[in-house]
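To start, the structure under review is shown below, and the notes come after it.
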Amino acid sequence: MTRDDGYFGEAVAARYDESSAEMFADDVVEPVAGFLAGLAGDGGRALEFGVGTGRIALPLARRGVEVHGIELSRAMLRRLRDKPGGDAIGVTVGDFASAKVDGVFSVAYLVYNTIMNLTSQDAQVDCFRNAAEHLAPGGCFVVEVGVPDLRRLPPGQDAVPFRVDGGRLGFDLYDVATQSMSSHHVEVVDGRGRYLEIPFRYVWPAELDLMARIAGLRLRERWDGWTREPFTGDSRQHVSVWEKPAA
């Protein structure tokens with residue numbers, strides 16, 4: 001963890017797009033941008049919590065939506081600014097659980113499990129409140145996050161691998177008593193090893209609904225993914241939309 005950029009300092013930012021290349025593919029990004037553009041509507045504004053290097057903000061802006069982002073890591077923001085169209089994205093540097101942006105928005109959103117970067121329940125509740133305060137009446141808060149993978153944990157085991165790929169190994173460690181987890185990334189390149197650990201707090205769909213209720217939002221829809229597949233008991237992730245009442 002770096003003093004200024006949290007867990008996404010220069011070493012991570014320099015390789016972020018490459019290490020997550022599959023998430024930058026057009027067939028992954030465009031359904032997200034289309035979904036969010038539909039919620040923003042004509043002339044609507046969008047606020048991204050954890051804008052990063054602009055994976056979603058840039059294609060959303062290309063659809064004609066005015067996008068503003070909140071991001072703690074200046075190293076990630078430098079990558080956003082270097083990309084075509086990056087200068088058109090308004091940016092506020094800070095913690096998206098508390099940072100304030102001028103104006104109101106039609107949609108606020110958190111993608112790619114970013115809600116779990118807030119490692120306490122209080123911070124996650126504050127995030128919902130912050131989103132609600134930025135939304136216009138009738139506006140929506142959207143979260144994409146995985147369903148906790150605890151069914152893959154046999155008794156006595158606390159680790160779940162998520163990547164075993166040549167010189168790369170990734171696994172999550174779970175503490176079911178506290179809902180804390182950490183992702184561990186090990187990579188070997190040219191005989192040299194790199195190791196990164198990032199803490200998270202996993203969160204259940206029903207818990208998110210309660211956080212939304214505390215913030216004055218109500219569940220509007222929940223899907224398995226961005227192309228609106230039904231959410232079921234077998235879903236390993238969800239895209240949820242909470243709405244700020246119009247009156």
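The values are calculated or read from the model by the stated rules, or taken from the named source; none is laboratory data. Remember, predicted model here, so these are calculated numbers, not experimental data. Heads up, the Cβs are rebuilt from the backbone with ideal geometry, glycines too, and the neighbour counts pull from every protein chain shown. These accessible areas exclude ligands, DNA and RNA; they are computed on the full protein's heavy atoms, side chains included. Shrake-Rupley method; radii C 1.70, N 1.55, O 1.52, S 1.80 Å.
For this structure, a couple of remarks:
- Pairwise centroid distance, computed over Cα atoms, of the stretch 112-132 with the stretch 206-220, Å: 12 Å
- Kyte-Doolittle mean at least 0.5, axial Cα span of 18 Å or more - DSSP H helices of the chain: 26-40
- With 5 Å bins beginning at zero, the pair-distance distribution over Cα atoms of the chain amounts to 1, 6, 13, 18, 20, 19, 13, 7, 3, 1, 0, 0, 0 %.
- Taking the chain and dividing mean pair separation by its residue count, relative contact order in percent (alpha carbons under 8 Å, at least six apart): 16 percent
- Accessible-area composition of the stretch 1-115, carbon plus sulfur, in percent [1.4 Å probe]: 50 percent
- Antiparallel content of DSSP bridges confined to the stretch 106-247, in %, to 5: 90 percent
- Just checking the listed ones, Gly52, Gly139, Gly191: in the Gaussian network model of the chain with Cα springs under 10 Å, the one fluctuating most is Gly191.
- For the stretch 63-158: rounded, prolate or oblate by the Cα gyration tensor [a/c cutoff 1.5]: prolate
- Counting only trypsin sites (Lys or Arg not before Pro) that DSSP places in a loop and that have at most 14 other Cβ atoms within 10 Å, the longest clean stretch of the chain runs over 101-227.
- DSSP-defined beta bridges in the chain - what % are antiparallel, rounded to 5: 70 percent
- Accessible area per residue for the stretch 120-174 is 47 Å², calculated with a 1.4 Å probe on protein heavy atoms, without ligands, DNA or RNA.
- Over the C-alpha atoms of the stretch 1-117, the Rg to Rh ratio, Rh being the Kirkwood estimate, stands at 0.94.
- Farthest positive-ward along the chain dipole, Cα basis, beta-carbon charges - from Tyr202, Leu135, Ala177: Leu135
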